[in-house]
Amino acid sequence: MIITEEIRDILARGRIIKETLYVLPEQLDRKTYERVNKTLNALGGKWNRIVGGHIFAKPIGEVFATLITEGEVEVPADFDFYETPLDIAAQVIARAEIKRGMLLLEPSAGKGALARPARFATGKHESIICIDIMQQMVESLWGQKFYVRCEDFLSMKPEQSAPVDRIVMNPPFSKNADVKHVTHALSFLKPEGLLVAIMSAALTFRQNAGYLALHEMITKRGGGIEPLPEGAFKHAGTMVR
């Protein structure tokens with residue numbers, strides 16, 4: 001995300017309080033405020049009238065330092081969100097062999113495209129742990145009455161969750177992120193558990209260490225790879241297979 005010099009100057013004059021609260025330096029005219037507010041929302045901030053500032057789920061000092069000095073920052077809105085189509089979500093849930101009473105994890109829950117059919121399969125609201133880094137996704141999941149945590153899944157430790165029976169996921173895939181997410185997710189799974197993930201087709205041909213290690217784990221656990229059809233995510237804005 002590119003930040004204009006005007007917005008950078010305004011943000012630089014504001015205050016960060018207790019690592020997760022940002023307060024603007026002064027009252028802004030409406031049009032300027034809308035531009036600043038849009039930037040803060042993209043970074044994951046949510047306006048709170050009671051405290052008079054934008055509240056973030058994570059400490060923001062490092063992000064703001066990068067934004068102000070470089071004028072560019074990677075934001076949650078850039079994190080490869082491509083919603084899972086209904087037909088593919090149904091395939092994922094079928095392959096996960098979910099049974100009632102199981103505990104599930106959805107580490108990149110988005111708007112709940114996988115979590116909703118998974119909840120139907122388990123028969124309970126509390127049977128699914130949803131994780132997402134984007135505040136707007138978390139709010140959508142709250143509205144659907146899911147148990148959800150607003151966190152960077154890769155920064156979570158397995159001891160922060162009970163071991164789960166099933167993991168269903170459609171993680172981000174830029175820069176081999178899908179390999180990192182799936183490999184990390186395996187550490188949250190019970191030994192006899194099952195993980196079903198949508199991944200980039202790069203898994204079938206790339207030969208770097210991360211992909212090779214994941215192939216070895218798939219083979220060791222008796223898993224497999226099934227190609228999705230071309231254009232499966234066209235509706236979501238990508239032709240990546």
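Worth pointing out:
- Choice from GLY53, GLY110, GLY14 showing the highest fluctuation, given a GNM over the chain with Cα pairs closer than 10 Å: GLY14
- Beta bridges per DSSP with both ends in the chain, % antiparallel, nearest 5: 40 percent
- Accessible area of VAL63 in the full protein assembly, 1.4 Å probe (Å², nearest 10): 60 Å²
- Backbone HN-Hα couplings from phi across region 11-25 [Karplus 6.51/-1.76/1.60, Hz, Gly and Pro as x]: 4, 5, 7, x, 10, 9, 10, 6, 6, 10, 10, 10, 10, 5, x
- Backbone N under 18 Å from the LYS145 label point (7 Å along Cα→Cβ), restricted to region 87-102: 101
- Cα-derived Rg to Rh of region 170-232, Kirkwood definition: 0.94
- Full extension of the chain between GLU26 and SER187 gives 53.3 nm of extra length, using 0.36 nm per residue less the Cα-Cα distance.
- Gaussian network model of the chain, Cα within-10 Å springs - most flexible of PRO107, PRO229, PRO172: PRO229
- Size of electric dipole in region 62-221: Cβ of Lys, Arg +1 and of Asp, Glu -1, about Cα centre, debye, nearest 20: 880 debye
- Given +1 at the Cβ of Lys and Arg, -1 at the Cβ of Asp and Glu and no other charges, the dipole of region 1-110 around its Cα centre is 600 debye to the nearest 20.
- Farthest positive-ward along the chain dipole, Cα basis, beta-carbon charges - from ASN41, ALA202, VAL138: VAL138
- Equivalent-ellipsoid semi-axes of region 1-76, from the Cα gyration tensor, Å, largest first: 16, 15, 11
- A full extension of the chain between LYS38 and ARG95 corresponds to an added length of 16.5 nm, given 0.36 nm per residue minus the alpha carbon distance.
- Over region 73-214: Kirkwood hydrodynamic radius from C-alpha pairwise inverse distances, Å: 15.2 Å
- Of all lysines in the structure, the ones whose alpha carbon falls short of 30 Å from that of LYS190, not counting any fewer than 8 places away in one chain, are LYS58, LYS99, LYS111, LYS124, LYS145, LYS157, LYS175, LYS180, LYS220.
- With the convex hull constructed from alpha-carbon coordinates only, the chain shows a mean projected area of 14.6 nm² over all directions.
The values are calculated or read from the model by the stated rules, or taken from the named source; none is laboratory data. In this text, all values refer to a predicted model and were calculated from it rather than measured experimentally. Here the Cβ is made from the backbone with ideal geometry for all residues, glycine too, and neighbour counts use every protein chain on show. Side chains are part of the model used for accessible areas, which takes the heavy atoms of the whole protein and leaves out ligands, DNA and RNA. Shrake-Rupley method; radii C 1.70, N 1.55, O 1.52, S 1.80 Å.
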